[in-house]
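The values are calculated or read from the model by the stated rules, or taken from the named source; none is laboratory data. Small disclaimer: the values here were computed from a predicted structure and weren't measured. Here Cβ is always computed from backbone atoms with ideal geometry, including for glycine, and neighbour counts include all displayed protein chains. Remember, those area values only see protein heavy atoms, side chains included, never the ligands or the DNA or RNA. Shrake-Rupley method; radii C 1.70, N 1.55, O 1.52, S 1.80 Å.
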Amino acid sequence: MIDINQVIESLDWSKDPKGLYEPIGYTLASGGKRIRPTLAMIASSLFGGKEEEVLPAALALEVFHNFTLLHDDVMDRAEVRRGRPTVHVKWNDNTAILSGDQMLIEAYKLLSHVPTDKLPQVLQWFNTMATGICEGQQYDVDFEQKNEVSIAEYMKMIELKTSVLLAYALKIGGYIAGANPAQLESLYQFGLHIGLAFQIQDDILDVYGNPETFGKAIGGDICCNKKTFLLLTAFEKADPQSKAELQQWLAISNRNQEKIAAITAIYDHLGVRAAGETAMEEHTTLALAQLDTLPQNEATAQLRSLAERLAARKK
C-alpha cells in the first residue's frame, strides 16, 4: 500500500504568503494516526481498487480532518495538539482561522482528482460528511451551555462530529473501487461504530490518559465543562450528594487543577470509567460484526486489526 505519510510529506507548502501556508505544513507534519486516509485506502483494496484512484480522496479526507482541528483548537482554546503547540498558540487566532480555511479549499482541490465518473457521488458524500461535522460541532458548543444533556443526545453529537468522517472515508474508498450498495452500507456502519468507540475512548483518555502519550493536556474537557460520556454518565449514576458536588465544581472556572482532581475523584467513586469502557467495547463489537458481511481478505483483516488497536489505544 502507498505510504500515506510519505505522500503527505511530499505536499509542497513552501508557498507565499508564508503566514498562510506554513501553518498548514506545520499541522500536517505533526503526524497523527492517519486513520481516515488509511481507512479509505483499505476499503478500496478490499474490493481490488487502484491505489492511484482512491489516493486523491484519501488525501482530501486527511487535509479536511486537519482543517477541522485548527478551528476546533481555537474554539476550545486548546494549547497542545499531538504534543506540540496548537497553531493559534504558535501563531495567533487569525492565522489558525485563515490557514484552516485554506486547508478546506486544499481538500476540495485534492478531491477534484477523483476519477471523473465517480466524482459527483463522492462530492455529494463529502459534502454530507462536512455538513454533519459542522452540525456536530455546533451541538457540542450548544451542550456547554445546556444544563441537561442526555447520553442519547451526546451519542448523536459524536456520531456527527467524529463518526461520519470515518464512515464516509470507508464508504468513499469502497465506492471508488466498485463495492455494491450493501457492502458500502456495511463499511459505513463499521466506520460509524468505530467512531463512537473512538470518541468514548477519547473521553476516557482525556481524564485517565498519560499526557506524554495522549499528546495533549489531561483534564481539558473537565476544565471546559464539556459534556462527555463520562460526565453525563456521572450525572445519571450520581446520588444527590455527588450530583451537588459535580454541579458545584462545574460552576468553578479558576481552579483548574483542583477541579480536575475533584471531578476525577467523583468519577472514580461512581465507576464511570468502567461504564465508558463497556460502551466502547460494545461499539467495537458492533463494528467488527459488520466485517462478517464483507469479502474476507487481507484488507478485512486490516480493518479488524485497526478496530482492535483503536479500542486498546492509550493516545
### Task
Please indicate, with yes or no, whether at least one residue in the range 136-158 is open to solvent by less than 70 Å² (accessible area, probe 1.4 Å) and not in a helix (DSSP H, G or I).
yes
### Summary
Among (1) farther than 26 Å from ALA307 by Cβ; (2) in contact (Cβ under 8 Å) with a residue 24 or more places away in the chain; (3) not hydroxyl-bearing (Ser, Thr, Tyr), ASP239 falls short only on (2)
### Query
Any idea which of GLU298, GLU308, GLU212 is modelled with pLDDT of 95 or more, out of contact with any Phe, Trp or Tyr (no Cβ under 8 Å at 6 or more places or on another chain), surrounded by fewer than 20 Cβ atoms within 10 Å (Cβ to Cβ) and closer than 26 Å to GLY31 by Cβ?
GLU298
### Query
In the range 83-102, how many are without any contact (Cβ under 8 Å) to a residue 40 or more places away in the chain and among the aliphatic types (A, V, I, L, M)?
2
### Query
Which residue out of GLY48, GLY32 is at pLDDT below 95 and open to solvent by 30 Å² or more (accessible area, probe 1.4 Å)?
GLY32
### Message
Please return the ranges of helices (runs of 4 or more DSSP H) entirely within the range 217-315 where 3 or more residues are within 21 Å of HIS193 (Cβ to Cβ).
### Response
229-237, 272-291, 298-312
### Qualifying position, being surrounded by 19 or more Cβ atoms within 10 Å (Cβ to Cβ), more than 22 Å from ALA311 (Cβ to Cβ) and out of contact with any Leu (no Cβ under 7 Å at 6 or more places or on another chain), among ILE176, ILE200
ILE176
#### Entry: Test for LEU111: is it open to solvent by less than 20 Å² (accessible area, probe 1.4 Å), within 29 Å of THR233 (Cβ to Cβ) and either of a type outside the set (Phe, Trp, Tyr) or touching a residue at least 40 places away in the same chain (Cβ under 8 Å) (or both)
no
### Query
Does at least one position in the range 68-79 carry a residue that is modelled with pLDDT under 95 and small (Gly, Ala, Ser)?
yes
